[in-house]
Amino acid sequence: MDVHCTTCGEPWDIYHLRHDAIFETDLSHAEAKAWTELSPKIKLLDRYRGKFREIGYEFGNSILNVIRCPACPKDAQPDPDKAALKATIVEILGDDEDGIAATMEDHGL
Ligand SMILES: [Zn+2]
């Protein structure tokens, strides 16, 4: 299953976002592995957001809500309508990442 970047529309495999992308940051292997076990909200603490930002990812209220990604053109801006819709989906579904992914895919988000 894929979700799409709010800014450039690039598809991202949800397994990659949940399990692999963290290993591209400069966190130690042990810390990156530990991160994959954290609850969805803890995964997005400022420390981790900063690490992801360094490699080009910016997330909304879920790791599956990709606002910007490494494929984004430098000056591109997020689509505000998509950003609002995605934020709402995550708010409604909370920590249910499978539900979030399925809903976003249904809507082509
Ligand atoms: Zn992008």
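Free of Cβ contacts under 8 Å to residues at least 60 places away in the same chain and exposed (fewer than 12 other Cβ atoms within 10 Å of the Cβ): is that true of SER39 in this structure?
Yes; evaluated as a whole, the condition is true for this residue.
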How do the pairs read when you match residues in the stretch 62-82 that are under 17 Å from GLY108 (Cα atoms) and among the basic types (Lys, Arg) with residues anywhere that are modelled with pLDDT of 95 or more and part of a strand (DSSP E or B), using Cβ under 6 Å and keeping only pairs 6 or more apart or on different chains? ARG68/GLU58
Pick from TYR57, TYR48: which is buried (at least 19 other Cβ atoms within 10 Å of the Cβ), within 13 Å of the ligand (Cβ to nearest atom) and either free of Cβ contacts under 8 Å to residues at least 40 places away in the same chain or aliphatic (A, V, I, L, M) (or both)? TYR57
Scan the stretch 1-20 for residues that are within 13 Å of the ligand (Cβ to nearest atom) and out of contact with any Pro (no Cβ under 9 Å at 6 or more places or on another chain) and report the count. 4
Residue count, the stretch 60-78 (criterion: more than 13 Å from the chain's Cα centre (by Cα) and surrounded by fewer than 18 Cβ atoms within 10 Å (Cβ to Cβ)): 6
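Does LEU93 fit the bill of being surrounded by 15 or more Cβ atoms within 10 Å (Cβ to Cβ), away from the ligand (no atom under 11 Å from the Cβ), under 19 Å from GLU105 (Cα atoms) and in contact (Cβ under 8 Å) with a residue 40 or more places away in the chain?
no
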Given the structure, is ALA71 more than 24 Å from ARG47 (Cα to Cα), touching a Cys at 6+ places or on another chain (Cβ under 6 Å) and within 12 Å of the ligand (Cβ to nearest atom)? no
Of all the residues that make up the stretch 1-50, how many are in contact with a strand residue (DSSP E or B) (Cβ under 9 Å, 6 or more places away or on another chain) and of a type in the set (Asp, Glu)? 4
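The values are calculated or read from the model by the stated rules, or taken from the named source; none is laboratory data. Every value quoted in this text rests on a predicted model; they were computed, and no experiment measured them. Don't worry about glycine lacking a Cβ; one is built from the backbone with ideal geometry, like all the others, and counts go over all protein chains shown.
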